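Working notes, beginning with the structure itself.
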Amino acid sequence: MTSDAASPDVPPAPAVETTPNLIGASFELLNRSSEEMRRASFYIGLVILGTVGPFALASWALEVVSIHLTNAEMRATLDAGAQGPLVFLSSIAVAGLLVAVVESRAMATALLGARMAARPLSARGALARSRMSFWRVIVGSFIVAIPVAVAQSALSALFSSLVGKQTDLSVLSSTLAAALAGAPLAYVLSGIVLGDVSPFEATRRSFRVFRARRLAAALVAVFETAATLLVIVGLYVRLKLSETPAFLRAIEKNERVAVPIGAVLTRHPLILLIATFTCLATFVLFYLMTVFSLSWGTGVLAYPRGEFLVLQIVAMLVFAAGIPLSAVIADKRGRRTMLIVATVAILLFGFLFAPMFVKGQPLLVLAFLALGLFLMGLTYGPLGTAMAELFPTAVRYTGASLAFNLAGILGASLAPYFATSLAKDYGIGSVGWYLSAAALLTLLAILAIRPSQIHD
């Protein structure tokens with residue numbers, strides 16, 4: 001900073017908070033902007049629905065038609081004119097995804113920046129700002145991506161020459177190292193959207209902020225890279241997944257159904273009901289530990305919002321540890337047994353709300369959040385497989401997904417409101433009783449599952 005001040009041609013680097021304060025403030029800022037962010041997310045969802053939805057429906061229609069056609073007949077159908085509209089719809093879908101990616105980043109930046117400057121912006125105002133900077137954001141993305149890609153390629157080649165063939169570890173290391181190399185460009189997007197300047201001026205300003213707070217810029221770059229990696233890894237894993245032998249046998253025997261959701265609702269309503277309530281406690285617990293606890297902890301218990309968010313983040317790490325642990329136990333002892341043990345533990349955990357979720361004891365509250373989320377991890381690990389094996393192969397994906405979403409509606413959407421009402425009228429202990437009641441319903445649903453209802 002002193003070198004900048006000494007040069008008359010270079011303006012001084014902007015004054016910014018220390019890095020630890022900056023991180024804490026960012027979490028608090030994100031929470032305070034939640035209402036506007038939800039509206040912006042709704043708009044992005046509509047964009048994706050309107051552009052990707054028709055392509056998805058057309059693809060689904062072709063999939064339904066293909067059930068009754070041979071491969072030759074299907075190729076003839078595509079050659080007869082179905083392929084053209086499908087290509088057109090796919091082009092619209094790609095364009096819609098591009099718009100959604102650019103506008104989601106620009107709108108989020110505008111909303112958070114306006115809130116930080118104590119001049120809150122509506123979702124409509126953020127959209128207007130996004131439209132003004134749309135093409136500049138795209139150019140700025142290339143300015144950031146090109147040097148990062150070059151650095152990653154060079155580092156990948158270096159790792160390959162040192163350790164031989166490329167491994168997952170070398171790819172991850174080179175990617176993170178490249179992200180750090182691109183840290184000086186971490187604030188290009190903010191400069192374009194908030195500063196309303198050209199991509200090149202935003203790049204110059206980003207270098208100035210980087211010189212002032214290198215660690216903060218590095219964290220921004222790493223977090224953004226990690227978020228991108230999660231999406232890429234998820235897509236990679238999904239593309240690498242092969243169909244199960246049971247599903248391949250169902251295809252060979254032509255056992256697929258044209259409308260799986262109809263088959264689930266009409267032929268397997270009892271199993272759907274059991275599966276839904278088997279998931280209930282998981283969703284209730286998760287939303288009590290996240291949405292409700294944040295509201296109650298920062299409101300009634302008067303914990304600073306930034307401090308409480310840090311407690312939740314640490315507790316989430318414990319939640320993540322519970323998932324693979326429960327999967328290992330479920331493989332050894334059985335999924336049903338694992339779910340029963342975890343559900344009983346959740347039922348008992350409900351009685352700890354009053355003694356543990358208290359004012360002025362952050363370490364006790366951290367233990368409370370960590371224990372609750374750990375128990376949720378114990379149910380979350382085996383839950384997907386346990387749901388899938390309740391339904392016949394032909395409707396397995398649909399049945400499990402439908403049960404999971406219905407449980408989300410019953411458990412997740414209502415839990416924060418019920419819990420807040422109970423806590424205000426009867427005290428925080430009543431929220432624990434509510435959780436215990438949900439766990440009891442889940443326990444009864446699991447016990448209702450008979451071995452004969454489990455499919456391969």
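The values are calculated or read from the model by the stated rules, or taken from the named source; none is laboratory data. Note that this is a predicted model, so its numbers are computed, not measured. Quick reminder, even Gly has a Cβ in these numbers, built from the backbone with ideal geometry, and neighbours come from all protein chains shown.
Only one of the listed residues (ALA186, ALA145, ALA178) is among the small types (Gly, Ala, Ser), under 25 Å from the mean Cα position of the chain (by Cα), under 14 Å from GLU224 (Cβ atoms) and at pLDDT below 75. That residue is ALA178. Within the range 332-365, the set of residues being over 30 Å from GLY299 (Cβ atoms), of a type in the set (D, E, K, R) and over 26 Å from the mean Cα position of the chain (by Cα) comprises LYS332, ARG333, ARG336. Quick check on this structure: which one of THR385, THR398 is modelled with pLDDT under 90, among the polar types (S, T, N, Q) and more than 13 Å from HIS268 (Cβ to Cβ)? None of the others qualify; the one that does is THR385. If we keep just the residues of the range 375-420 that are surrounded by fewer than 23 Cβ atoms within 10 Å (Cβ to Cβ) and aromatic (Phe, Trp, Tyr), which is nearest to ILE323 (Cα to Cα)? Result: TYR380. From the list SER133, SER161, SER153, SER122, the one residue that fits, being in the same structural domain as LEU62 (by TED's automatic domain parsing), among the hydroxyl-bearing types (Ser, Thr, Tyr) and modelled with pLDDT of 90 or more, is SER133.
This table checks each residue for (1) polar (S, T, N, Q); (2) assigned by TED's automatic domain parsing to the domain that holds ALA423; (3) farther than 25 Å from LEU444 by Cβ.
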| residue | (1), (2), (3) |
| --- | --- |
| THR298 | yes, yes, yes |
| LEU301 | no, yes, yes |
| ALA321 | no, yes, yes |
| ALA345 | no, yes, no |
| LEU375 | no, yes, no |
| LEU378 | no, yes, no |
| PRO382 | no, yes, no |
| GLU389 | no, yes, no |
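Just one of the listed residues (LEU441, LEU402) is out of contact with any strand residue (DSSP E or B) (no Cβ under 6 Å at 6 or more places or on another chain), part of a helix (DSSP H, G or I) and more than 14 Å from THR282 (Cβ to Cβ), and it is LEU402. Checking each residue of the range 1-20 against the condition of being under 30 Å from ILE313 (Cβ atoms) and either modelled with pLDDT of 85 or more or in contact with a Leu (Cβ under 8 Å, 6 or more places away or on another chain) (or both) gives at least one match. Summed over the range 395-436, residues that are more than 28 Å from the chain's Cα centre (by Cα) and in contact (Cβ under 8 Å) with a residue 12 or more places away in the chain total 6.
When VAL291, VAL300, VAL310, VAL314 are checked against the criterion of being more than 25 Å from ALA386 (Cα to Cα), surrounded by fewer than 15 Cβ atoms within 10 Å (Cβ to Cβ), among the hydrophobic types (A, V, I, L, M, F, W, C) and under 22 Å from the mean Cα position of the chain (by Cα), a single residue qualifies: VAL314.
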